[in-house]
1. Given a 1.4 Å probe, how much area per residue of region 155-206 is accessible, in Å²?
2. Helix-only mean residue ellipticity at 222 nm, the chain, DSSP H runs n ≥ 4 weighted -39,500 (n - 2.57), per residue, nearest 500. What is it?
3. Computed FRET efficiency, Cβ-Cβ of Ser198 and Phe313, R0 41 Å: what is it to the nearest 0.05?
4. Just to confirm the filter: which GluC sites (Glu not before Pro) across region 1-73 are DSSP coil and have at most 14 other Cβ within 10 angstrom of their Cβ?
5. For Val156, list long-range residues whose amide hydrogen, built 1.01 Å from N in the peptide plane, is under 5 Å from its own amide hydrogen.
6. On full extension of the chain, what length is gained from Ser457 through Lys221, given 0.36 nm per residue of separation minus the C-alpha to C-alpha distance?
7. Run the numbers on region 133-217 and let me know its relative contact order in percent, using alpha-carbon pairs under 8 Å that are six or more apart.
8. Computed over the Cα atoms of region 144-298, what is the convex hull's projected area averaged over all directions, in nm²?
Amino acid sequence: MAVTSPDDPQTRELISQTIELVATRYIDPISREQILVSTLDGLSLIDENIRVDITPTDLVLQYDDRTVGKIALPASSDGMADHDSLQIWSEITLTGLARYRTHSAKLRSTDTKDIESALISGAIRNLDRYSRYEGPVRAEHARNRRDGYIGIGVRVVGGSGYPVVKLVHAESPAARAGLHPGDQILTVNGEDMYGKASRYAADLLHGEEGTSVLLEVNAAKSNAITPMEILRERVIDRTVFDDVRDNILVARVSSFNSATASTLADSIMKAKLYDGGLHGVILDLRGNRGGLLQQGVAVADLFLADGPIGKTFSRVTAARHIFKAETGDLTNGAPLVVLIDGRTASSAELVAAALQDRNRAVLIGSTSFGKGSVQAINDLPNHGTLTFTWSRMTAPSGYTFDRIGLFPAICTKSGTGSTAIHKVANALSQRDETASVMMKWRKLDYQDEKSRRELRSVCPASTNGETFDVEVALELLKNNREYKNLAYVGQQEIADTFASQ
């Protein structure tokens, strides 16, 4: 069904909320008039003949290079009640939409959800590259990645034939029940699944927590049909993948969702129970593009006894935070190495920056991505989400790593043919040079593009993810004196910064 009137209630509420969120919460000030023009201009995604201009008094609607209407702008919204101020911008938007519909056959035949998507996409098109709109379906998938979903813990592929299990989440109800990739799901609660789409099958497997679902399953490479009753529970994607090598915990963290910190804490506690105890930790953040900021803070907190983790700064009061360690060092000071690369970004960079600045870890790998901004995720009335930048992060020493990233104490991406022993030895011999680079790094204006490129070229960002980085980390952790020597690179710079706070 297409939008037929400027009085369409859902679209009116959606546009009101979108314009107000961007105007009041985006990190850089932007006027409602500017957002209004961009919002309506988003309709050009549907019909390229649409173009919107503005004068000090009017919104000018153009179609096919001719003016087809003007809408008077409010003289001022000062003194208006909040509700009235919100409504006036959505009313102008929907009035403009209605007028464009009289000229555009494409708009008249477009569904409401696609028009809403075009308007919202227009509203954020001039914001930074991390701002985005996700419709209801994609927004639900994103929520599931962050917070989990209620189900049995499988992903299925549907279409022709019976749905086939593609993935079984570790420690999920499905895993405990004995489902495996390749199994066919024949029925769900008695309903035949032949030819059903994967989305339809997934919806049947989801439900309320604590309820059960009845399946008939044909296991891969078997003719037997097995009935199963599986209890639904919250299933959260696994983000921590651990291994213990010679009493050293190697923990790869792929992203930060609502279970990441607690899962990593469990891995640390289990590693401490090994004969001989925990001798060190390798925290592998390569390829980690971030996720929930609070989870990143909680991960850093696992390795710090007290003190600062980082800050966020913004023109928006609600986006300003000071993060400090509160729970104590779960590893009791065990030597720590953090692996980073060109894909390590956002909250993963905050973790690495905090541990480096606090002299708690040695960073190994390559220069990281350099995304020191924080995005607010806002739920919309149509169950979609509007995501945009509302603050930037600073490390404990006070620098922002946005656009510059983090500099490792051992760069594994420079030079060829070196062994792990040689990399550690070279890093120790070049300690003073590394300290000098770190000093420049922390004093850099992140908006100085030339200096930024020069510093990043010292250890170019890489995304190869070689096992060599782990070998270098293991080699470093063999010698506690060498580890401490590199962990305290740039110590005076950080100590001075702390003293001035």
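1. Working: 2670 Å² over 52 residues.
With the other protein chains kept in place, region 155-206 gives 51 Å² per residue.
2. Numbers: 17 runs with 179 residues, N = 501.
Computed mean residue ellipticity for the chain: -10500 deg cm²/dmol.
3. Calculated value: 0.40.
4. Listed in order of number, the matching sites are Glu48.
5. Lys166
6. Numbers: separation 236, 0.36 × 236 = 84.96 nm, distance 5.29 nm.
Stretched out fully, the Ser457 to Lys221 stretch lengthens by 79.7 nm.
7. Numbers: 132 pairs, mean separation 25.9, N = 85.
Worked out over region 133-217, it gives 30 percent.
8. Values: hull surface 44.2 nm².
With the hull built on Cα positions only, its mean projection is 11.1 nm².
The values are calculated or read from the model by the stated rules, or taken from the named source; none is laboratory data. Values in this document were obtained by computation on a predicted structure and should not be read as measured data. Reconstructed Cβ throughout: ideal geometry from the backbone, glycine too, with neighbour counts over all protein chains shown. Only protein heavy atoms, including side chains, enter the accessible area calculation; ligands, DNA and RNA are left aside. Shrake-Rupley method; radii C 1.70, N 1.55, O 1.52, S 1.80 Å.
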